Amino acid sequence: MSMTLSLQLIVFLPLVAAIIAGLFGRWIGAFAAKIVTTGALFIAAALSWPIFLAFVAGGAESQVVPVAEWIRSGDFSVDWALRVDTLTAVMLVVVTTVSSLVHLYSWGYMEEDPGQPRFFSYLSLFTFSMLMLVTADSLIQMFFGWEGVGLASYLLIGFWYHKPSANAAALKAFVVNRVGDFGFSLGIFGTFLVFGTVSIPAILAAAPEMAGSSIGFAGMRLDTMTLLCLLLFVGAMGKSAQLGLHTWLPDAMEGPTPVSALIHAATMVTAGVFMVCRLSPMFETSEVALHVVTYVGAATAIFAATIGTAQNDIKRVIAYSTCSQLGYMFFAAGVGAYGAAMFHLFTHAFFKALLFLGAGSVIHAMHHEQDMRYYGALRKEIPFTFWVMVIGTLAITGVGVAGVGFAGYHSKDAILESAYASASVPGGIAFFLGALAALLTSFYSWRLIFLTFFGKPRWAESEHIQHAIHGEHDDPALEHGDSSHSKATPPAGTGGYHPHESPLTMLVPLALLALGAIIAGFVFSHDFLDSAEFWNGSIAFDENLAHAMHAVPWWVKYTATFVMLIGLFIAWHNYIRRPGAASAFVASFPGIHRFVLNKWYFDELYDRIFIRPSLWLGRLFWHGGDERTIDRFGPHGAAYAVGLGNRLTTRLQSGHLYSYAFVMLLGLIGAATWAIWWAQ
């Protein structure tokens, strides 16, 4: 099969599946909708891997596949075309692989949900939008996919629309992303103004010539490329949940767990990183823009890591972990290590999807309980989930030795080494903050494992578990149950509840993702980090930085491993060796714990600065402007005047002839007065 046909099928099969499941799901049924959507995604994944491996082997060239003429307006011209190069090929395997496994996982997780056709349609629509984004040959097409994933994420986060919290989270994600998207759209407008085109290859080719030029903006003269890159980066900050525009990401946990895995692992949140790497030749023309990217990424990495240490909701811990890892990717791009940024994006997709889906398996086993304080001793009850979660934790914390390790060992170490090797002030700060964030990542990741799978059972303290014990089942797996579990004697302290392992449709994706978390790092590290031929011009690859990365001092190479061990020891000491130590620390430093637990009070700050004034202004315009001014003196006032006139004229309709004669006389007097006045 030709690459052209393969690419068209990869992109459009999810769209066709979404249309079939969404429009005809009521007639074809849930099973058929799942078959169509899941089958389409597995076909897309099967077609994506040969394209990626062809670039790995060096036997493929970049191509642009025209689809249709799209926009013609004067000199402005945009064609709908699909671009495939190394960067696109990487994203294709990431998006289709994770999405196909999420589709399969959802068979078990959403088994009894009445809205399955709608859910699977949204998943496929989300995937199509992301594929449109990563195959874009123009900024307009990229923006189309950009907004598409925003829409689909709104639908998926708010899928359980009967829950007010889900509706609020979906609206929050939509609004916060609009802030970033406004910056992105301004960047696109400015880029077209400067370059006269929205074609990405044409823009990147002309970008070096614009270095050092200036442009007027908001009454000031600013460096052209710095302004354009920063506006585009605002869009990346919103989509990839960087510090300041991150508040939507944790609340997105209100959606079903498969949605969390899809949004946080491979699709929406990686769009910003992809965009910066795609436009890396533009960013290379502005040192200021690169420094901003570095500082924002490093600040996000440490900020999100601190919050993850105090969260008790298992999904929120992993969500803040995503935010932190995205910070790593951005500061890697900021120091010029775009290959390392994309490598971490690639490996992160496997272990983060594994952790989210593993958390979903735990939640499924614990009757939808998400608070880790009510877990404990689950490693013997759900052993498969336990081991895959351990593999995911080994990957995210970067466990490895002698150049061979889990996925995060290769990509995260490469980012820290690149930051140090950049020999710049922003790079040095990013290295320090990245190392500290790696320590915190190790702590909260192992804390999750120890609280969930070790210690004594704390299940009886959970309200969700109490519902299960007393027969108030809302989990289909509990209703249909496993007879072997129901007959077994529950351990002491469980209140009579026995957790259950997830069905095969949920375990198979976990096994495949675990395999990726184990081998994705050392198998592809050379291609991503050292091979300019592999990237073949699809990113701005700095060979000097790649060589310098391998020549850093030994203590830099072992920094990530050293801080990982420190984080592991602290978690083990506080949750295994002395289980009460964490509570004692919280009691000793309640202010710090409260500050971190409340996410640095960003939501409260935004509520006071933006939300309350906006609501006040809205009420002012509503009541004072609309009701008391426009309506009062406009339609309502006119209606009142007409009514008043009607009431006055009805009094004249008395039925007496002398009354009518009197009115006629007044009319004649008025007409005569007017005639005499104008005659003069």
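The values are calculated or read from the model by the stated rules, or taken from the named source; none is laboratory data. Just so it is clear, the structure is predicted and the values come from calculations on it, not from any experiment. In this analysis, Cβ positions are derived from the backbone assuming ideal geometry, glycine residues included, and neighbour counts consider all displayed protein chains. What goes into the accessible areas is simple: the full protein's heavy atoms, side chains included, and nothing from ligands, DNA or RNA. Shrake-Rupley method; radii C 1.70, N 1.55, O 1.52, S 1.80 Å.
Looking for whichever is in contact with a helix residue (DSSP H, G or I) (Cβ under 6 Å, 6 or more places away or on another chain), open to solvent by less than 30 Å² (accessible area, probe 1.4 Å), over 17 Å from residue 144 (Cα atoms) and assigned to a loop (DSSP other than H, G, I, E, B) here; the options are 45, 40, 33, 60. Which one fits?
60
What pairs come out if I take residues in the stretch 636-655 that are free of Cβ contacts under 8 Å to residues at least 12 places away in the same chain and pair them with residues that are open to solvent by 60 Å² or more (accessible area, probe 1.4 Å) and assigned to a helix (DSSP H, G or I) whose C-beta lies under 7 Å away, six or more apart or interchain?
As it stands, the answer is 652/663, since those pairs meet every condition given.
Among the numbered conditions (1) in a strand (DSSP E or B); (2) among the aliphatic types (A, V, I, L, M); (3) under 27 Å from the mean Cα position of the chain (by Cα), tell me where residue 68 comes up short.
Against the list (1) in a strand (DSSP E or B); (2) among the aliphatic types (A, V, I, L, M); (3) under 27 Å from the mean Cα position of the chain (by Cα), residue 68 comes up short only on (3).
Which members of the stretch 151-165 meet the condition of being buried (at least 20 other Cβ atoms within 10 Å of the Cβ) and either touching a residue at least 40 places away in the same chain (Cβ under 8 Å) or touching a Leu at 6+ places or on another chain (Cβ under 7 Å) (or both)?
Within the stretch 151-165, 152, 153, 156, 157, 158, 159 meet the criteria.
Give the stretch 192-216 a look and list any residue that's surrounded by 17 or more Cβ atoms within 10 Å (Cβ to Cβ), free of Cβ contacts under 8 Å to residues at least 60 places away in the same chain and in a helix (DSSP H, G or I), or say none.
Of everything in the stretch 192-216, those that are surrounded by 17 or more Cβ atoms within 10 Å (Cβ to Cβ), free of Cβ contacts under 8 Å to residues at least 60 places away in the same chain and in a helix (DSSP H, G or I) turn out to be 194, 195.
Scan the stretch 605-622 residue by residue and report those that are open to solvent by 60 Å² or more (accessible area, probe 1.4 Å) and closer than 23 Å to residue 301 by Cβ.
605
Considering only the stretch 134-163, state which residues are over 14 Å from the mean Cα position of the chain (by Cα) and part of a helix (DSSP H, G or I).
134, 139, 140, 141, 142, 143, 144
Could you please find all residues in the stretch 538-579 being open to solvent by less than 40 Å² (accessible area, probe 1.4 Å) and part of a loop (DSSP other than H, G, I, E, B)?
Residues satisfying the conditions are 538, 539, 540, 552.
Looking at this structure, is residue 51 open to solvent by 30 Å² or more (accessible area, probe 1.4 Å), at pLDDT 90 or above and not basic (Lys, Arg)?
No: the conditions fail for residue 51.
Among the residues of the stretch 96-115, write down those that are surrounded by fewer than 24 Cβ atoms within 10 Å (Cβ to Cβ) and modelled with pLDDT of 90 or more.
104, 107 - these are the residues of the stretch 96-115 that are surrounded by fewer than 24 Cβ atoms within 10 Å (Cβ to Cβ) and modelled with pLDDT of 90 or more.
For the stretch 34-47, check the following and say yes or no: at least one residue is touching a Lys or Arg at 6+ places or on another chain (Cβ under 8 Å) and touching a residue at least 24 places away in the same chain (Cβ under 8 Å).
No, the conditions are met nowhere in the stretch 34-47.
Got at least one residue in the stretch 294-309 being farther than 26 Å from residue 88 by Cα, open to solvent by 10 Å² or more (accessible area, probe 1.4 Å) and part of a loop (DSSP other than H, G, I, E, B)?
Yes, because at least one residue in the stretch 294-309 is farther than 26 Å from residue 88 by Cα, open to solvent by 10 Å² or more (accessible area, probe 1.4 Å) and part of a loop (DSSP other than H, G, I, E, B).
Would you point out the residue of the stretch 310-322, among those that are assigned to a helix (DSSP H, G or I) and charged (D, E, K, R), that is farthest from residue 260 (Cα to Cα)?
316
Within the stretch 348-369, is even one residue of a type in the set (D, E, K, R), at pLDDT below 90 and touching a strand residue (DSSP E or B) at 6+ places or on another chain (Cβ under 9 Å)?
Within the stretch 348-369, none of the residues are of a type in the set (D, E, K, R), at pLDDT below 90 and touching a strand residue (DSSP E or B) at 6+ places or on another chain (Cβ under 9 Å).
Here is a check on your reading of the model: is residue 321 hydroxyl-bearing (Ser, Thr, Tyr), more than 22 Å from residue 431 (Cα to Cα) and buried (at least 24 other Cβ atoms within 10 Å of the Cβ)?
Judged against the criteria, residue 321 is not a match.
Search the stretch 238-260 for residues that are closer than 20 Å to residue 371 by Cβ and pair each with any residue that is open to solvent by 10 Å² or more (accessible area, probe 1.4 Å) and acidic (Asp, Glu) when their beta-carbon atoms are under 9 Å apart and the residues are at least 6 apart or on different chains.
Final answer for the pair search is 250/313; 251/603; 253/313; 256/113.
Keeping to the stretch 626-665, report how many residues are surrounded by 12 or more Cβ atoms within 10 Å (Cβ to Cβ) and among the small types (Gly, Ala, Ser).
The qualifying residues number 2.
How many residues are more than 15 Å from residue 280 (Cβ to Cβ) and part of a loop (DSSP other than H, G, I, E, B) if we restrict to the stretch 526-537?
So the answer is 1.
Scan (1) β-branched (Val, Ile, Thr); (2) modelled with pLDDT of 90 or more; (3) open to solvent by 10 Å² or more (accessible area, probe 1.4 Å) for the single condition residue 401 breaks and write down its number.
Exception for residue 401: condition (2).
With 559, 494 as the choices, which residue is at pLDDT below 90 and among the β-branched types (Val, Ile, Thr)?
Answer to the check: 494.
Evaluate the stretch 389-399: report whether one residue or more is assigned to a helix (DSSP H, G or I), farther than 24 Å from residue 528 by Cα and within 27 Å of the chain's Cα centre (by Cα).
For the stretch 389-399, residues assigned to a helix (DSSP H, G or I), farther than 24 Å from residue 528 by Cα and within 27 Å of the chain's Cα centre (by Cα): present.
Being farther than 30 Å from residue 316 by Cα, part of a helix (DSSP H, G or I) and under 30 Å from the mean Cα position of the chain (by Cα): is that true of residue 618 here?
Considered against the rule, which asks whether it is farther than 30 Å from residue 316 by Cα, part of a helix (DSSP H, G or I) and under 30 Å from the mean Cα position of the chain (by Cα), residue 618 comes out as yes.
Give the number of residues within the stretch 197-224 that are touching a helix residue (DSSP H, G or I) at 6+ places or on another chain (Cβ under 9 Å) and within 26 Å of residue 74 (Cα to Cα).
Final tally of qualifying residues: 14.
Of the residues 632, 612, which is more than 30 Å from residue 245 (Cα to Cα) and among the basic types (Lys, Arg)?
Just a single option satisfies the conditions, and that option is 632.
Determine the pairs where a residue that is over 15 Å from residue 555 (Cα atoms), located within the stretch 417-437, has a partner that is basic (Lys, Arg) and surrounded by fewer than 23 Cβ atoms within 10 Å (Cβ to Cβ) with Cβ atoms under 9 Å apart, the partner being 6 or more residues away or on another chain.
The qualifying pairs do not exist here.
Which one is nearest to residue 283 (Cα to Cα) among residues in the stretch 217-234 that are open to solvent by 20 Å² or more (accessible area, probe 1.4 Å) and not hydrophobic (A, V, I, L, M, F, W, C)?
Ranking the qualifying residues of the stretch 217-234, first place goes to 226.
Given the condition closer than 18 Å to residue 304 by Cβ, buried (at least 19 other Cβ atoms within 10 Å of the Cβ) and either of a type in the set (A, V, I, L, M, F, W, C) or at pLDDT 90 or above (or both), answer yes or no: does some residue in the stretch 421-429 qualify?
Checking the stretch 421-429: not a single residue is closer than 18 Å to residue 304 by Cβ, buried (at least 19 other Cβ atoms within 10 Å of the Cβ) and either of a type in the set (A, V, I, L, M, F, W, C) or at pLDDT 90 or above (or both).
Please name all residue pairs, on different chains or six or more residues apart, with Cβ atoms under 6 Å, provided the first residue is in the stretch 48-72 and is within 15 Å of residue 88 (Cβ to Cβ) and the second residue is open to solvent by less than 40 Å² (accessible area, probe 1.4 Å) and aromatic (Phe, Trp, Tyr).
none
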